[in-house]
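Taking it in order: structure first as structure tokens, then the write-up.
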Amino acid sequence: MRLTTLIYKGSICISYTVMLLPVFLLVITSFFQEAIISFPPQGFSLEWYENAVTRDEFLNGFITSIKVAFFASLIGVPLGTAASLALVRSDLHFKQAITTFLLGPIIVPGIVAGTALYLTYLFVQNALDLDIVGTLPGLVAAHILLTIPWTVRVVTAGLQGLDRNIEEAAANLGAHPWTVFVRITLPMMRPAIVAATLFSFIQSFENLELTLLLVGPGMSTLPIAMLNYLEFQVDPTLAAVASIQIVIIAAMMFITDRYVKLSRIV
């Protein structure tokens with residue numbers, strides 16, 4: 001029994017080390033003084049953080065990523081929530097097939113989805129004489145396809161864990177179905193919806209493969225700006241940008257967990 005416990009705990013330690021060691025090294029590297037990364041470092045500096053926050057391509061990319069992630073989550077989360085309600089609470093036929101279809105964008109490789117959307121956008125542009133490729137609305141529409149499956153996945157799991165007896169008690173006491181939904185069901189769904197919004201926002205904000213084929217001249221998200229920077233320069237600036245992203249995302253998850261306890265959902 002002791003050997004089994006030791007192996008179990010050792011496996012957990014190794015797993016956490018594999019996941020967290022690259023992040024730790026990334027953050028440490030962002031403070032190196034030299035432009036050429038070497039160990040041990042000759043000194044530490046905040047120069048690369050200053051470079052990260054003052055370069056226009058990173059700032060513009062950050063703003064674009066925030067806009068796209070915000071609007072994609074704003075539209076995709078309600079759509080995914082409605083789909084989850086229909087899948088869990090209704091008597092739809094072929095539920096499994098519908099669920100698989102809605103989760104498809106998670107399964108399909110991002111570069112394949114991006115290519116398919118690019119060709120579709122070109123076809124629609126030629127048919128309707130509209131500019132879609134390289135526009136903010138076109139990019140938001142593509143990222144909605146990322147937010148819906150994450151919302152369906154998280155909210156469906158949350159709905160399946162809800163106690164239906166509370167809703168039935170309210171209905172038996174004469175509450176209208178809409179009142180039951182607004183005052184009973186929706187508040188109980190809040191942790192799942194908030195978690196879905198958070199994960200959808202992060203997935204959209206960090207996406208590279210899908211976005212790479214859909215941006216146009218003068219338009220770039222933060223991941224693409226980082227990729228373009230890496231083509232011409234190799235210094236700890238990218239580590240500083242990545243460290244800032246880690247801090248922002250960690251803060252978002254911490255603040256959210258304080259209110260809705262994400263551990264109950266994921």
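Limiting things to C-alpha atoms, what are the Rg and the maximum Cα-Cα separation (Dmax) for the chain, in angstroms?
Reported Rg and Dmax, both Å: 22.5, 73.
Which peptide among 222-231, 43-52, 161-170 comes first, and what is the full order, when sorted by highest mean count of other Cβ atoms within 10 Å?
Packing order, densest peptide first, comes out as 222-231, 43-52, 161-170.
With Cβ to Cβ distances under 15 Å as the rule, what net charge do the other residues near THR29 carry (K, R +1; D, E -1)?
Local charge sum for THR29: -3.
Rounded to the nearest 500, what is the chain's calculated 222 nm mean residue ellipticity when only DSSP H runs of at least 4 contribute -39500 (n - 2.57) each, over all residues?
-24500 deg cm²/dmol
Nearest 10 degrees is fine. How inclined is helix 2-29 to the longest principal axis of the chain, computing both from alpha carbons?
Taking Cα atoms only, the helix is inclined about 60 degrees.
Through the Karplus equation 6.51 cos²θ - 1.76 cosθ + 1.60, θ set to phi - 60°, convert the phi angles of the range 49-61 into ³J(HN,Hα) values in whole Hz; use x for Gly and Pro.
With the stated coefficients, the range 49-61 comes to 5, 4, 5, 5, 8, 9, 7, 4, 5, 6, 5, 5, x Hz.
Could you list which residues have their amide H under 5 Å from that of PHE32, counting only those 5 or more apart in sequence or on another chain, with H placed in the peptide plane?
The answer is SER45.
Once both labels are modelled 7 Å past Cα along the beta-carbon direction, what's the ASP257-VAL23 spacing in nm?
0.9
Values in this text are rule-based calculations from the coordinates and carry no lab data. Predicted, not measured: the structure shown is a model, and the values here were computed from it. We place every Cβ from the backbone using ideal geometry, glycine too, and count neighbours over all the protein chains shown.
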